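Enquirer: Could you have a look at this structure, given as structure tokens, before my questions?
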Amino acid sequence: DLVEKAKKAAAFAAVDEYVKDGMTIGVGSGSTIVYAVERIVERVKAENLKLVCIPTSFQARQLIVEGGLVLSDLSRHSAIDVAIDGADEADAQLNCIKGGGACMLQEKIVAYNAKRFVVVADFRKKSETLGQQWKAGVPIEVIPLAYVPVLRKLESFGGKPVLRMAKAKAGPVVTDNGNFVVDCDFGLIQDPAALDKRIASIPGVVETGLFVNMAEKAFFGMQDGTVETRT
Ligand code: DER
């Protein structure tokens with residue numbers, strides 16, 4: 001269907017432009033990244049590329065291992081050449097909302113430690129202002145014991161915070177790091193940098209899904225099969 005084709009086109013374009021022999025690659029999480037790993041595996045085989053991959057979640061780790069790629073970690077390879085990841089929304093300045101898959105903590109660590117961070121997404125994520133397309137709120141990773149006071153604090157900021165409940169498990173979503181996720185709707189986010197700092201300053205908040213001023217390029221697969229890029 002159109003969305004899957006768009007995800008694949010964006011992912012293939014990014015891998016073909018950024019992945020070079022000998023690189024250490026940060027592998028993101030979600031559904032779009034699956035196509036990026038597919039293309040990396042294809043190219044490793046076709047071009048005999050020597051790569052090392054750093055995961056951002058158990059899911060990414062599975063993709064790397066199942067793809068027969070070389071798995072490593074930040075203690076062995078802390079200098080990442082390029083991190084490739086999806087996003088829930090990207091604004092005109094390439095600030096992103098991430099965490100739809102509850103993986104934003106490790107994703108942000110890997111993106112932060114990469115020389116280059118690129119986003120791959122379908123047309124639904126292309127936006128002007130954060131909050132315009134993505135209505136599920138800013139994902140926030142929270143230490144479980146603190147989630148109630150954190151919810152209250154976020155409400156005092158004017159947010160509408162909700163603890164993310166699991167679908168395939170009773171109770172709240174538990175992240176790969178053993179934490180909860182709170183999704184907090186702030187409406188349109190005109191100053192994502194200020195909001196990111198404000199949320200992160202609450203004791204008990206581990207990380208936010210606001211990736212501000214981190215991505216250098218975004219590849220958007222469009223409805224007509226083309227790929228639009230934004231830098
Ligand atoms: O959870 C995440 O941060 C993912 O990268 C998410 O933002 C993108 O997931 P998708 O590629 O399935 O839309």
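Enquirer: Can you say what percent of the DSSP beta bridges in the range 1-84, counting only those with both residues inside, are antiparallel? Round to 5.
Expert: If I count the DSSP bridges inside the range 1-84, around 0 percent turn out antiparallel.
Enquirer: Let me ask you something else. Taking the simple approach of a point 7 Å from Cα along Cα-to-Cβ for both Ala79 and Ser201, what is their distance in nm?
Expert: For the pair Ala79/Ser201, the computed spacing is 3.6 nm.
Enquirer: Please compute the per residue accessible area over the chain with all protein chains in place, 1.4 Å probe, rounded to a whole number of Å².
Expert: Value for the chain: 45 Å² per residue.
Enquirer: Hey, how many Å between the Cα centroid of the range 197-231 and the Cα centroid of the range 159-183?
Expert: 20 Å
Enquirer: If you restrict to DSSP beta bridges whose two residues both lie in the chain, what percentage is antiparallel, to the nearest 5?
Expert: Counting only bridges with both partners in the chain, antiparallel ones make up about 55 percent.
Enquirer: Once both labels are modelled 7 Å past Cα along the beta-carbon direction, what's the Asp185-Glu17 spacing in nm?
Expert: The two pseudo-label positions are separated by 3.4 nm.
Enquirer: Report, for the range 62-185, the % of DSSP beta bridges that are antiparallel, rounded to 5.
Expert: Among the beta bridges of the range 62-185, antiparallel pairing accounts for roughly 65 percent.
Enquirer: Between Gln223 and Glu38, what length comes free when the chain is fully extended (0.36 nm per residue of separation minus the Cα-Cα distance, one decimal in nm)?
Expert: 64.5 nm
Enquirer: Let me ask you something else. Excluding same-chain residues fewer than 8 positions from Lys197, which lysines have a Cα within less than 17 Å of its Cα?
Expert: Output for Lys197: Lys98, Lys108, Lys153.
Enquirer: Summing -39500 (n - 2.57) over the DSSP H runs of n ≥ 4 in the chain and dividing by its residue number, what mean residue ellipticity at 222 nm do you reach, to the nearest 500 deg cm²/dmol?
Expert: That calculation yields -9500 deg cm²/dmol at 222 nm.
The values are calculated or read from the model by the stated rules, or taken from the named source; none is laboratory data. Predicted model, so just to flag it, every value in this text is computed and none were measured. Neighbour counts run over all protein chains shown; Cβ positions are idealised from the backbone, glycine included. Remember, those area values only see protein heavy atoms, side chains included, never the ligands or the DNA or RNA. Shrake-Rupley method; radii C 1.70, N 1.55, O 1.52, S 1.80 Å.
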